[in-house]
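Structure first, commentary second.
The values are calculated or read from the model by the stated rules, or taken from the named source; none is laboratory data. This one's a predicted model, so the numbers in the text were calculated from it and none came from an experiment. As a convention, Cβ positions derive from the backbone with ideal geometry for all residues, glycine included, and neighbour counts pool all protein chains shown. Side chains are part of the model used for accessible areas, which takes the heavy atoms of the whole protein and leaves out ligands, DNA and RNA. Shrake-Rupley method; radii C 1.70, N 1.55, O 1.52, S 1.80 Å.
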Amino acid sequence: MITTIIVSLIVGCIVGPLARLILPGRQNISAGMTVLLGAIGSLVGSWIGAQFLGTSGAQFSFWGLILGTVFAIVAVLIYGSITGRGDRAVTR
């Protein structure tokens with residue numbers, strides 16, 4: 001259990017920036033928030049992989065990485081929709 005969390009957090013450091021690279025356009029998100037969203041996506045992806053695919057977060061899993069990336073993209077999209085994209089021009 002604790003190993004899964006640690007591995008997911010480490011993978012989240014990679015998956016968060018990868019998710020931002022995959023998404024088109026500009027996201028107004030800090031580097032720390034990117035890593036946090038990646039970690040959340042990686043944790044959710046690891047959990048879903050363990051529940052439905054029988055993968056374990058303690059070992060490198062291709063499907064865990066894919067699921068983590070997908071859920072990190074979803075997390076970045078949700079965060080962006082809540083906070084605003086930040087690339088809209090302000091008119092008066």
Check Ile10 against each of (1) at pLDDT 80 or above; (2) touching a helix residue (DSSP H, G or I) at 6+ places or on another chain (Cβ under 7 Å) and name the one condition it does not meet.
-> (2)
Hey, could you check segment 21-55 for residues that are touching an Asp or Glu at 6+ places or on another chain (Cβ under 9 Å) and polar (S, T, N, Q) and say which is most open to solvent (accessible area, probe 1.4 Å)?
-> Asn28
